[in-house]
Each structure stands twice: as C-alpha cells, then as structure tokens.
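The values are calculated or read from the model by the stated rules, or taken from the named source; none is laboratory data. Keep in mind that what you see is a predicted model, and the values were worked out from it rather than measured. Here Cβ is always computed from backbone atoms with ideal geometry, including for glycine, and neighbour counts include all displayed protein chains.
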Amino acid sequence: MLIKDKEDLVEFSIFQTVLFALFLINLVVLSLYDFKYKAVPDYLLLFALLASFFITNLDIFEALQSAFIISGAFVILNFLVTFYIQNIKSRFLKDESLKTQTALGEGDIPLIASFGVILGVYNTFIAIFLSAIVAMFYAIYLKNRKNEIEIPFIPFLVFGFLLEYFFNLSNIFKDFY
C-alpha cells in the first residue's frame, strides 16, 4: 500500500515478506499462462489462495468471510452472465458458437477469493472494477483488430489487485459517497 503516514505502515514478518514475493511471482506466472493458454494450472491457484491467508493482516474469520463473499458473488455473477450469453444472446443473434462461451474462466474465482483475503471485500470489488475497465478496452481492441471474443482476464485481475494493494485507490471512490 502507498504509505501516507505511520498508521498506514503494515508490518510483515520475514516469512510474510518472502511469501508475498512468491505470491507476486505466482501472479506473474498465472498471467503469462492465461495469456498463452487461456487456462491456468490448479496448483498455482491453490498456492495463491493458501498463501493469501498467511499474507493478510485480517483475522482468520474476516479473511474467510471475505473469500466466501467475494467468490460467492462472482460465482453467481458468472452463472447469470453465462446464462445470458448461452441462452438469450445466442438465440437472439442466432450464433451457435455463443452456446459454449462463459463469462469468467474457472481460474478467475479462486484468484478473486485470494484477493478478497488480502484486500478485504470492499477493496477487492474496487480492484475488480479497475480490472474490468482495463479489460474492456483490451476486449474492444481485440474485437476490432482480430475479431476475437475471448480474452485472458487473470492479467487484468492482477493489474487491478496491484493497483489497489500498492496505491489504495479505494480512497478515491470513498470520497464520492
């Protein structure tokens, strides 16, 4: 996080610092995998999720609560948007290829949960909002340039997480309400 004064300073043990560095390296590897294959290995997602519980400054109950709220919300959102794409949009546009499209990949949900453990519910939603905005511009570019629909979302999730974690952009949004 961006440190403004001593109260913002978060103390990490050496173990947490090393684990956070490994977590960040893991995020880079996940991003590269997603760009290349549009799929990621489960063991990298599991590492991210487990490591997040040792990195966070939240107590275990609050960390679990954040993980379940975030992942549950996105499982439901994924179901609803996928239902819309596969059943409504595919029939309306008479495009059979849409019947196999999904809104989020399977790897996005555990990664979002790990971000929820580290950032908390509100800050994770801000990180995902930032990710979606950047991904939207990339998707428009791909659609116009290469006529592709499917984009790797993990790199954008990682970008949003890093922005929120290091710069605490949620403070900007708090000024609006």
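Check off (1) part of a helix (DSSP H, G or I); (2) more than 24 Å from Ser13 (Cα to Cα) for Phe53 and give me the number that stays unchecked.
All conditions pass for Phe53, except number (2).
Can you run down the residue pairs with Cβ atoms below 7 Å, 6 or more apart or on separate chains, where the first is in segment 109-127 and among the aromatic types (Phe, Trp, Tyr) and the partner is surrounded by fewer than 22 Cβ atoms within 10 Å (Cβ to Cβ)?
Tyr122/Ser170
Please verify whether Phe166 is touching a Ser or Thr at 6+ places or on another chain (Cβ under 9 Å) and among the aromatic types (Phe, Trp, Tyr), treating the condition exactly as stated.
The answer is no for Phe166.
For (1) part of a helix (DSSP H, G or I); (2) out of contact with any helix residue (DSSP H, G or I) (no Cβ under 9 Å at 6 or more places or on another chain); (3) within 30 Å of Glu11 (Cα to Cα); (4) at pLDDT below 95, each residue gets a yes or a no:
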position	(1), (2), (3), (4)
Ser114	yes, no, yes, no
Thr124	yes, no, yes, no
Ile133	yes, no, no, no
Asn147	no, yes, no, yes
Ile151	no, no, no, yes
